[in-house]
Amino acid sequence: MEVILAKTAGFCFGVKRAVDTVYEQTGKGNVYTYGPIIHNEEVVKDLESKGVMVLENVEELEALKEGTIVIRSHGVDRHIYDIISEKKLELIDATCPFVKKIHNIVDKDSREGRKIVIIGSRKHPEVQGICGWCNSKPIVLESVDEAADFTNNDNSELSIVAQTTFNHNNFNKIVEIFEKKGYNILVYNTICNATSERQAETARIAGQVDAMIVIGGRNSSNTQKLYDISKRECANTYYIQTLDDLDLATFESVDRVGITAGASTPHQIIKEVHGSMADEFGKLFEESLAEESRISQGKVVKGTVIDVKDDEIILNINYKSDGIITKNEFSNDPNVNLKEKVHVDDEIEAKVIKTNDGEGQVLLSVKKVAAEKANEELAAAFESGEILKGVVTQAVKGGLVTNVGEARVFIPASLVSDTYENDLTKFINQEVEFKLVEFDPRARKIIGDRKSLIKAEKEVAKKALFDRINVGDTVEGTVKNVTDFGAFIDLGGADGLLHISEMSWGRVDNPKKHFKVGDIVKAFIKDIQGEKIALSLKFEDTNPWATADEKYAVGNIVTGRVARMTDFGAFIELEPGVDALLHVSQIAKEHIEKPSSVLSVGQEIEAKVVDCRIEDKKISLSIKALLPDDEEVSGDYVDEEPTEYIDEATDTVEDEEVTDVVESEETTAVESDDEAEASEDGAEE
C-alpha cells in the first residue's frame, strides 16, 4: 500500500498564530476566547482543560467584569471591540491577518458608497464578522446559483470579497457571472493563499489514489470544502475528526491512499490518527513519514561546511551524498565572495533543489530559504502597509528590481516616481523606500510602490512651504524646467514661476539662454494666488531707473546700443532695463525715410538726452543735436522740421508705439491658466 500525505495538511499560518496566542495566555486566569478559537473540538477541549473559557455570545461578554478576551482567528464584528473597550477588559486580537485585510477593505469601500458583496457561508463566523465591518448592509452569496439569480437593481458600484476558505474555482465562476451581467465591480481575491494551495493539492492527490482521508473538525468550513473537492475526484473519500472515526478494515484492499487535513487540524491529531493504525497500513504510514523526512526535493536541511571554493560550498548533510551550494544559489548578489561569507565548520540551512545534480550530489539553495523567510516578513508588511527599504539591483524593461533579504521585489516604472523617469539606471545601487501593493509569491508577483510615498512626502513639504512663505520673501530653489515664457523653480514643496518678464530689468528674448535645469536661483516672491507662486529677479535695489534721473538728465551725452527699430525710430538700450527712443527725425540733419537705412541692430551710438521723464520711464535721444553747427534740440524742437510734425510724431510715439513696446516689459509674472498647464507638462518632462 502506498500512502500520499499532503504537504499542506494541518495548521495554516493564521490558525497557528491564533492557537499559539491563546496557549501563551494559559495560566493567567480569567482568559476567554470570543467563540471557539478555531473549529476543532480537540483543541478547544485542551484549552478548556487549561482554564481558557469560550464566550458564546454578546450577553456573556457584557456580563464580564474583568478578564482577558482573545479574538478568534475568524475575526469578529466591530461592535465586539467597542464592548471590550467600554468594559475596560484586556484585548488580545488573534484575528488572521488575511481576515483583518478583508475588514479594512469593506470598511473603506462601504464608506466610499460602494455596495459590498461577500462570497461565503452566511452562518460562518468569519462572514458574520466581515458583515460587522460594513457601513451599509452587505449582500452575502453562498453559491454560483445565488450569484446567477442576483440582480443589482439600483446599478450600485459593487466591491466583491470572499471568505478566506471559499472554493477558489467557484469564486472565479461567480466573478465571471457578474462580469457578464455588466456590473460595475471591484474584485478583491481574498481567498487565503494557503487555502488555494491546500485545495489544489487535495484535488491533485485525490485524482491519483483509490481512497482519500480528510481530517478536520466537523464545524470546519475549510475542511468541508476539502472533503467536497476530494469527493469529486475520488468516490472513496472519508471525513474523520479523530482515529475513532476511522474503520481500518475499509482500506484492506486499497493500493493507494491519500491523506489531507483542514487548516484547523493540529499536526498531533494527524499523527495520532495515522501513527496508531495497525498492521501493514500503520507500518506503511510510518515508512511514508520516514521517507518524507529524508532528503527529498523541497526539504530544508542543515549541514556543516566541509569546503568552500570560489564558486561553490560543500556541506556534510548526513546523507550518502554531500550537499552542494553554488554561488548562484547562495545569494542574488553576483559579486558575493563565498570565502569571505562562509568558513569550514559553519552550519548552514538550505533547501533541496535536486537530489542528484548529475554527479551524484545533492543540489541545495540557501537563497530560497532566505527568500521564504523574507516572504513571511513581506506578507506581514503587505498586510500592515509597512514602509520597506531595498537596494536596487537592476533596471529592467518596465521598472526596477530590488531585494528585501533574498526576496525579489519589482517596482514598475509607473510607480517609481510621481514624474516620468527617462533613465531608470540612475537608481541602480541606491536604497529606495516603497510599500507593497501586490503580494503573490506563488505567482512571483511582489510589486512595490515608491510613487505614493513621494507624493505623500511632497504634500507634507507643500503644506510646510505655504505655511512659512509670504509675498516679498526671498527664496532659493532649483530650476526644474525652462519654457519659452519662463522657468519653473522647485522651492521644496511647490514650484514657482519665474516669468520671462521678471528675469531681468532688461529684455530677455529666450529664457533657455539664461537658465538650465539644475541651476540654483535666488528670487523673491512677487505674488501668491492659491497654489501658484510668482517669482521675480527684479529686486528693487538693482532697479536701473532708481538712479536714471542723474545718469540721463537732459543735456547729458550718453552711449547705447541699438536694440530694435521701427519705422518711426530706434530704441537704444542704455543699460539693461533702460531703453530710450531715438526718433527718426533726430538721427541726422537731412531727412531719413527709415532708421534701418542708416542704423543696424547691435550698433553702438552716442547721443544727447533731449527729454527724460523718470515717472513714465521714458527717455528721448538725439544724434542730430551733437552734429556740428547744429542748435540745441529739445523735445519740442527739431531743426528744419515743422513744429506741428514733431508734436504729432511725438504724440504718436508716446501714445502708441512707446507705450506698447516699453511698457510691455512691465507685465506681471502672475502665472496664467495656460502657463499653469505648461508648468505641469514641464514637470512631467
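Shape call for the range 15-108 from the C-alpha gyration tensor, a ≥ b ≥ c root eigenvalues: rounded (a/c under 1.5), prolate (a/b greater than b/c) or oblate?
Cα axes put the range 15-108 in the oblate bin.
Peptides 519-528, 5-14, ordered by how many other C-beta atoms sit within 10 Å of their residues on average, highest first, read 5-14, 519-528.
Are any of the pairs Lys45/Lys445; Lys513/Lys608; Lys115/Lys180 more than 30 Å apart by Cα-Cα distance, and if so, which? Working shown, then result.
Numbers: Lys45/Lys445 41 Å; Lys513/Lys608 33 Å; Lys115/Lys180 18 Å.
Violating the 30 Å limit, Cα to Cα: Lys45/Lys445; Lys513/Lys608.
Quick check: the angle from helix 168-180's long axis to the longest principal axis of the chain, C-alpha only, nearest 10 degrees? Taking the Cα atoms of the chain, the angle to 168-180 is about 40 degrees. Taking every alpha-carbon pair under 8 Å whose residues sit at least 6 apart, the chain reaches a relative contact order of 7 percent.
Using the Cα gyration tensor of the range 15-58, with a ≥ b ≥ c the square roots of its eigenvalues, what is the shape: rounded (a/c below 1.5), prolate (a/b larger than b/c) or oblate (neither)?
Note, shape of the range 15-58 comes out rounded.
Of the chymotrypsin sites (Phe, Trp or Tyr not before Pro) found in the range 372-453, the ones in coil according to DSSP and having at most 11 other Cβ atoms within 10 Å of their Cβ are Tyr420. Angle of helix 221-233 to the longest C-alpha principal axis of the chain, folded into 0 to 90 degrees and rounded to 10: 70°.
Stokes-Einstein diffusion for the chain, with the hydrodynamic radius set to the Kirkwood value over Cα pairs and evaluated at 20 °C in a medium of 1.002 mPa s, equals 65 µm²/s. A probe of 1.4 angstrom, applied to the heavy atoms of all protein chains, finds Phe98 with accessible area near 50 square angstrom. Helix 673-684 and the long axis of the chain differ in direction by around 50°, with both axes built from C-alpha atoms. For the range 556-602, relative contact order (Cα pairs under 8 Å, six or more residues apart, normalised by length) works out to 36 percent.
The values are calculated or read from the model by the stated rules, or taken from the named source; none is laboratory data. Computed from a prediction, not measured in an experiment: that's the story for all the values here. Ideal geometry is used to build each Cβ from the backbone, glycine not excepted, and the neighbour counts take in all protein chains shown. Accessible surface is based on the protein model in full, side chains and every heavy atom, while ligands, DNA and RNA are left aside. Shrake-Rupley method; radii C 1.70, N 1.55, O 1.52, S 1.80 Å.
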